[in-house]
Amino acid sequence: MSDEIEIADGPTRWRFDRRFLTSNWTCIWGRGCQGILDQPAEHLGQGCCSVGAEMADEDEAMMTAALAATLSPERFEHHLDASRGGVFSDDTRTNTRLVDGACIFLNRPGFTGGAGCALHLAAIDLGESPTEWKPSVCWQLPIKVDWEPDDDGRETATVHAWRRADWGAEGETMAWCCTEEPEAYVGERSVIESLADELVAIVGPAVFVELRRRVAET
């Protein structure tokens, strides 16, 4: 059986890594994640938030700013920083700011309102999916989509686990890349179930239903 699943969807050919989708990978932030700095730094609780989140486009930047304005100081550790200087690194609004070495939205360990992404926590509080609140680069991790134009005018979108090489030169010195470490493969469900919301948001409901059917055949 092939390790690749291909599904045609109009002008897009979706290709999926079957092995990753059927694996028991899970995010172990706060449970052994060493972060993405040059040295292991589990104690910092930064996970993959040591760099500012890159906005997909101006619409996403506007949405992120609007949602940030709804966060309360009790849930957003750096609420005062955001009020004084905004949530973006500069006027281009292409990246979120860093505060004390990590994304402005990251509540640090010990914060009474809860550690972790303030946007993620707010979404959970409201019973909503974090995919509706967080920048796409954040909620898609550890899923990576590579887009390539085809000679016939269509596109091929390859969906796979984010690898160290996908970070570019920075990946060579990172202390940790969760999808390449066995410690993260301890989930109770397969990726296609545990990351169902994220996959649906990326590929759409129809493709996801077909994908789950194909995976179930294995």
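The values are calculated or read from the model by the stated rules, or taken from the named source; none is laboratory data. As the structure is a prediction and not an experimental result, all values here were calculated from the model. Cβ atoms come from the backbone with ideal geometry, glycine included; neighbour counts cover every protein chain shown. Calculation scope for accessible area: heavy atoms of the full protein, side chains included, ligands and nucleic acids excluded. Shrake-Rupley method; radii C 1.70, N 1.55, O 1.52, S 1.80 Å.
Toward the positive end of the charge dipole of the chain, about the Cα centre and with charges on Cβ (Lys, Arg +1; Asp, Glu -1), which of V137, A165, V99 goes farthest?
V99
At 0.36 nm per residue, minus the direct Cα-Cα distance, what do Y185 and T218 gain on full extension? Give it in nm, one decimal, please.
Roughly 9.9 nm would be gained on extension.
How many nm separate the modelled label positions at A66 and Q39, each set 7 Å beyond the Cα in the direction of the Cβ?
Once both label points are built, they end up 4.3 nm from each other.
Taking a 1.4 Å probe, which of L37, L106 shows the most accessible area, and what order do the others take after it?
The ranking, largest first, comes out as L37, L106.
Work out the length of the dipole vector of segment 13-80 about its Cα centre, built from +1 on the beta-carbon of each Lys and Arg and -1 on the beta-carbon of each Asp and Glu, and round it to the nearest 20 debye.
With only Lys, Arg, Asp and Glu charged at Cβ, the dipole is about 560 debye.
Per residue, how many Å² of accessible area does the chain show with a 1.4 Å probe?
With the other protein chains kept in place, the chain gives 53 Å² per residue.
Placing +1 at every Lys and Arg Cβ and -1 at every Asp and Glu Cβ, with all other atoms neutral, what dipole size does segment 42-148 have around its Cα centre, in debye to the nearest 20?
So the dipole magnitude of segment 42-148 works out to roughly 380 debye.
Calculate, for R108 and T22, the FRET efficiency according to 1/(1 + (r/R0)^6) with r their C-beta to C-beta distance and R0 35 Å; round to the nearest 0.05.
0.50
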